[in-house]
2 protein chains.
Amino acid sequence: MSFWGWGWADKFPDAEARRLLAQQLGALTGGAGLALAPRDPPSLDAVTVPRSRLEVPPALAGFVSARADERVGHTYGKSFRDLVRGFAGDFEAAPDLVAHPKSEDEIEAVLSFAADHNVAVIPFGGGTSVVGGVEPAFGKGATYRGAISLDLRGLDRVLEVDPVSRAARIQAGATGPGLEAQLAQHGFTLRHFPQSFEFSTLGGWIATHAGGHFATLYTHIDDLTESVRMLTPSGLYETRRLPASGAGPGPDRLVLGSEGILGVITEAWMRVHARPRWRASASVHFRELKAAVAAVREIAQAGLYPANCRLLDQREALLNRVAADGSHVLLLGFESADHPLAPWLERALAIAGAHRGICPRGPVLREEGAKSGHEGAAGSWRSAFLEAPYLQSALVSLGALVDTFETACTWDRFDALHAAVTAAVEDALVRACGGGLLSCRFTHVYPDGPAPYYTFVAAGRPGAELEQWAQIKRAAADTLAAHGATITHHHAVGRLHRPWYDRERPPLFAAALRAAKATLDPKGILNPGVLLDP
Amino acid sequence: MSFWGWGWADKFPDAEARRLLAQQLGALTGGAGLALAPRDPPSLDAVTVPRSRLEVPPALAGFVSARADERVGHTYGKSFRDLVRGFAGDFEAAPDLVAHPKSEDEIEAVLSFAADHNVAVIPFGGGTSVVGGVEPAFGKGATYRGAISLDLRGLDRVLEVDPVSRAARIQAGATGPGLEAQLAQHGFTLRHFPQSFEFSTLGGWIATHAGGHFATLYTHIDDLTESVRMLTPSGLYETRRLPASGAGPGPDRLVLGSEGILGVITEAWMRVHARPRWRASASVHFRELKAAVAAVREIAQAGLYPANCRLLDQREALLNRVAADGSHVLLLGFESADHPLAPWLERALAIAGAHRGICPRGPVLREEGAKSGHEGAAGSWRSAFLEAPYLQSALVSLGALVDTFETACTWDRFDALHAAVTAAVEDALVRACGGGLLSCRFTHVYPDGPAPYYTFVAAGRPGAELEQWAQIKRAAADTLAAHGATITHHHAVGRLHRPWYDRERPPLFAAALRAAKATLDPKGILNPGVLLDP
């Protein structure tokens, strides 16, 4: 694994490939990227990492380490800021210890040591947070004696499968591929495929409202969660397996989105699916974004529930090799383990057609086992989607600024929001970088509104990248807040989004959450600074 | 309105009609109902209501009353216990004052008076709680100087409609018919039709996780709630209008199911629907309950999302005039404002057919405006459904024991749960009443489990009805708890379900909720005894 960038180190492109990338980017950003050139990635021997402030406690020595490489590998998530600092070899924020528990007893031992010694504990899954959710940075005034990163990946088993109710009990440290491989042995799949799928973990998904594969209906991991089990400094918090309940405010709901501040999620019963047998898909091209948005809104309100309903604006379509003719493209897909889907797709295409969407390659209907048809635009999209985080790391090595932000709003506000975001971010790109690219897609859609997702790319000035980036990020987030959109639909809050999250939530909810945390984590050792001040 | 029974007083049947009912019930309960005979309903002049312990505060005199009839009308909900005590003229539990605010300022004035004078406040919507949710009974050790029932029905307007996002801002005191009539002027409908629809209010629905019309997908009012506004003793708690958000634990989720203990819900943005234009329905008969359950499970897991998917066991089918031949009947219905539904219904019927379900009258496909086809079993069911609460009041006047209880469980547990509930309740009916009837239906179904709903009827011994009833209720609730089912899917907790709710929720969630309440309601004046001890 790369200690500073995304994913596997051997997938990082060589200097020649990155030189080509720099040329492409220069062309795309209109020459503003003149200075871009591949720099060598850092070497682990040369990084800055402070001395650990904690000794490994003898009782925990079997699974706790103070080794520098371990600490470096648990310092950051994978946000743009993290990549830039990591590329520069700056690991000043490293945790003092890293724990690799393999059981709940070992987790309890860590919590208990930490509570006794005023040490902060940061639950760590795949380390793919893009919002500073796993960085040991607690803000001024915090007086912890040190920090332990609690890596949950040793708890990675599917423990039990209930084929009748279609549910599985899964340990929180299981990664996407790990849990899918185990579920496949039982003929099931969770079908939760965030962009971080390869590395992120079930516990991380639950803790952050991860957004997944389904563009409608089961959009967040929340919708797939039947019950949870969490260890807190005050003891075990476990909810009952139920399809639904009307008994008081939902105990699961306090855990979903809790970002490691209330306890350590150790396992969950998850709703799983049979593997889809039928698929129906199409890509629809629009000349005007407004018409495309109107079509998507009507489809989202029609009760058809497509699994894929991703609208790419013309730039996204271009960058992801889905269309090169200036079209905005809607990727539509239905899937089912139960029935063929022609009527569903036909109706969605009729709606799109009424909004002047055209479907140049026609619809594709496929059945498992039958000869696979061309995957077309959806296939291009999927491979570009999974490569994007690797691409971001490569671009960082060129000195580029590249990041994404996402939100959700009601449909009535989208036009004004999108115009304002575009104006504010393009203006900030010019001011900070002399220009750059902004693109937009919808990752998920609801009857009452879309979840727009933005990507920006520009050329950075060596050494000034974080400052330039902060200027653009602030312009974006301030605009979201001013338009009543949320600061995050599925990236979470972490440490990065705190200022805007604090303005978004009701102050009395913040007070109630603070009171709940004081009950579950009375010494305030869990992930300080995330969601609440230490 | 009846001051002791369900709904409109003039819908209470006369003595002759009730004599006929007694005969029918005698036949159904196998002669165990020998003693049943119509008794005269109580008169308001003759009821027992204690002196009010509070004077009307001069500042609140415009909308607060201490009149006996007002206090009587706000003493109980509509549970079996409430009806029996009301029929006996026992209103010992009456609140001391009743407030009819017409604005948030007036609600704040009540909260502020109550906090200053150690007076309990009970938010009151339609007064249709079947779990003791609105009764001023606070348990031993409570030291309130009195209780105010806060009737929200003066806040009954649809304030704003957003036709683009399909959402409406609605005041919490609006009743089902009241808000539907206002929404209809804009071409929309909320389509939330609990059995209490005629009288219950939006705020009550939100506070209790009310279960509605949709048998799948949008089963609870939670799923239709976009944002909420709540006045607490600590100030205003208002969430942002969003289709979804990933920013921390959901602030709406603390309000949904809060049963009046955290604040007074004053309004909410609700997701509304276009009026359905196409409908497709069928009633499917099964000889074996097991086969019917298997069919429903497969339909619930197929991704078809029927609006109606109610399975009536043979007794429910008989009592509700849906089938008299001993069949178990599945009422299936799809509805859409967007598209015809033949493919959806065909697939659901194919699943049912594979489980040996037959459809004697065939499917019914209807389009709005077209000549309405026969409504068949679904029509019989709907009218019986809406009459049931009136019937319960009439039966109470005969000295019958009649009540319902409901739950939800995962599919793998249903067979054992159902067998155990049947055995335990039938045994309790014999021991308490010498016999009686128990029937079951599924009101809502999920991919991972059903929501079974039970009705029991027996003949009571005059004066001993509450004791007999408690014996049966306890047998039912203990069995649910022993099988890991929830104490309520949509009736809520109130005061009636507290013992089982306390065993069901994680103890640390109870502690967190207590801490949240101490923040929002520091003097503990709101609905004491519900969800938490005073």
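The values are calculated or read from the model by the stated rules, or taken from the named source; none is laboratory data. Since we're looking at a predicted model, the values are computed, not measured. When we count neighbours, we look across all protein chains shown, and the Cβ atoms used for this are built from the backbone with ideal geometry, even at glycine.
Structure values in brief
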| quantity | calculated |
| --- | --- |
| Residues of region B:159-185 satisfying the condition of being more than 26 Å from A:Phe414 (Cβ to Cβ), in a strand (DSSP E or B) and either within 14 Å of another protein chain (Cβ to nearest Cβ) or out of contact with any Leu (no Cβ under 6 Å at 6 or more places or on another chain) (or both) | B:Thr175 |
| Qualifying residue in region A:63-77 (condition: at pLDDT 95 or above and part of a strand (DSSP E or B)) | yes |
| Condition met for A:Val425 (more than 30 Å from B:Glu298 (Cβ to Cβ) and buried (at least 20 other Cβ atoms within 10 Å of the Cβ)) | yes |
| One residue from A:Ser65, A:Ser129, A:Ser165 being among the hydroxyl-bearing types (Ser, Thr, Tyr), closer than 24 Å to A:Asp223 by Cα and touching a strand residue (DSSP E or B) at 6+ places or on another chain (Cβ under 7 Å) | A:Ser165 |
| Within region A:262-298, tally of residues that are more than 30 Å from A:Ser112 (Cβ to Cβ) and either assigned to a helix (DSSP H, G or I) or not small (Gly, Ala, Ser) (or both) | 23 |
| Of all residues making up region B:407-419, the number that are surrounded by fewer than 17 Cβ atoms within 10 Å (Cβ to Cβ) and among the hydrophobic types (A, V, I, L, M, F, W, C) | 2 |
| Entirely in region B:317-428, the strands (runs of 3 or more DSSP E) that have 3 or more residues that are closer than 26 Å to B:Ser281 by Cα and in contact with a Leu (Cβ under 9 Å, 6 or more places away or on another chain) | B:328-336 |
| Some residue of region B:428-449 being surrounded by fewer than 19 Cβ atoms within 10 Å (Cβ to Cβ), of a type outside the set (Gly, Ala, Ser) and within 24 Å of the chain's Cα centre (by Cα) | no |
| Failed item in (1) part of a strand (DSSP E or B); (2) within 14 Å of another protein chain (Cβ to nearest Cβ), with B:Cys440 passing the rest | (2) |
| Selected residue [within 8 Å of chain B (Cβ to nearest Cβ) and among the β-branched types (Val, Ile, Thr)] from A:Thr488, A:Thr479 | A:Thr488 |
| Residue in region B:81-100 that is buried (at least 24 other Cβ atoms within 10 Å of the Cβ) and of a type in the set (Lys, Arg) present | no |
| Test result for B:Ala348, surrounded by 15 or more Cβ atoms within 10 Å (Cβ to Cβ) and touching a Gly at 6+ places or on another chain (Cβ under 9 Å) | no |
| Unmet requirement for B:Gly5, which otherwise passes all of (1) loosely packed, with under 14 Cβ neighbours inside 10 Å; (2) not in a helix (DSSP H, G or I) | (1) |
| Residue in region B:351-358 that is aliphatic (A, V, I, L, M) and without any contact (Cβ under 8 Å) to a residue 60 or more places away in the chain present | yes |
| Residue count for region A:185-196, restricted to those that are touching a residue at least 24 places away in the same chain (Cβ under 8 Å) and either of a type in the set (Val, Ile, Thr) or more than 16 Å from A:Gly257 (Cβ to Cβ) (or both) | 8 |
| From A:Leu513, A:Leu531, residue being on the phi > 0 side of the Ramachandran plot, in contact with a Leu (Cβ under 8 Å, 6 or more places away or on another chain), crowded, with 24+ Cβ neighbours inside 10 Å and facing chain B (nearest Cβ under 10 Å) | A:Leu531 |
| Conditions (1) at pLDDT 95 or above; (2) assigned to a strand (DSSP E or B): number failed by B:Ala458 | (1) |
| Residue count, region A:506-534 (criterion: in contact with a Ser or Thr (Cβ under 8 Å, 6 or more places away or on another chain), free of Cβ contacts under 8 Å to residues at least 12 places away in the same chain and in a loop (DSSP other than H, G, I, E, B)) | 1 |
| Boolean, B:Leu331 is farther than 24 Å from A:Ala348 by Cβ, aliphatic (A, V, I, L, M), in contact with a His (Cβ under 9 Å, 6 or more places away or on another chain) and buried (at least 23 other Cβ atoms within 10 Å of the Cβ) | no |
| B:Thr488 vs. criteria under 19 Å from A:Ala244 (Cα atoms), outside any helix (DSSP H, G or I) and touching a residue at least 24 places away in the same chain (Cβ under 8 Å) | yes |
| Within region B:66-80, tally of residues that are among the polar types (S, T, N, Q) and surrounded by fewer than 18 Cβ atoms within 10 Å (Cβ to Cβ) | 0 |
| Filtered residues of region B:223-251 (kept if in contact with a helix residue (DSSP H, G or I) (Cβ under 8 Å, 6 or more places away or on another chain) and of a type in the set (D, E, K, R)) | B:Arg240 |
| Looking only at region A:302-316, and only at residues there that are assigned to a strand (DSSP E or B) and out of contact with any Gly (no Cβ under 7 Å at 6 or more places or on another chain), the one that is nearest to B:Trp278 (Cα to Cα) | A:Cys309 |
| Failed item, numbered, when B:Gly212 is tested on (1) under 20 Å from B:Arg191 (Cβ atoms); (2) more than 7 Å from chain A (Cβ to nearest Cβ); (3) modelled with pLDDT of 95 or more; (4) crowded, with 22+ Cβ neighbours inside 10 Å | (3) |
| Subset of region A:217-234 [touching a strand residue (DSSP E or B) at 6+ places or on another chain (Cβ under 8 Å) and within 8 Å of chain B (Cβ to nearest Cβ)] | A:Thr219, A:His220, A:Glu226, A:Thr232 |
| Of residues in region A:235-261 being more than 8 Å from chain B (Cβ to nearest Cβ) and in a loop (DSSP other than H, G, I, E, B), the one farthest from the chain's Cα centre (by Cα) | A:Ile261 |
| Some residue of region A:90-103 being under 19 Å from A:Pro42 (Cα atoms) and charged (D, E, K, R) | yes |
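Let's see how each residue does on (1) out of contact with any Cys (no Cβ under 8 Å at 6 or more places or on another chain); (2) part of a loop (DSSP other than H, G, I, E, B); (3) surrounded by fewer than 24 Cβ atoms within 10 Å (Cβ to Cβ):
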residue: B:Asp105; (1), (2), (3): yes, no, yes
residue: B:Thr128; (1), (2), (3): yes, yes, no
residue: B:Val131; (1), (2), (3): yes, yes, no
residue: B:Val134; (1), (2), (3): yes, yes, no
residue: B:Phe138; (1), (2), (3): yes, yes, yes
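Per-residue answers, yes or no, for (1) under 28 Å from A:Ala302 (Cβ atoms); (2) out of contact with any Gly (no Cβ under 7 Å at 6 or more places or on another chain); (3) surrounded by fewer than 19 Cβ atoms within 10 Å (Cβ to Cβ):
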{"position": "B:Val164", "(1), (2), (3)": "yes, yes, yes"}
{"position": "B:Ala167", "(1), (2), (3)": "yes, yes, no"}
{"position": "B:Ala172", "(1), (2), (3)": "no, no, no"}
{"position": "B:Gly176", "(1), (2), (3)": "yes, yes, no"}
{"position": "B:Leu179", "(1), (2), (3)": "yes, yes, no"}
{"position": "B:Ala184", "(1), (2), (3)": "yes, yes, yes"}
{"position": "B:Phe188", "(1), (2), (3)": "yes, yes, no"}
{"position": "B:His192", "(1), (2), (3)": "yes, no, no"}
{"position": "B:Phe199", "(1), (2), (3)": "no, no, no"}
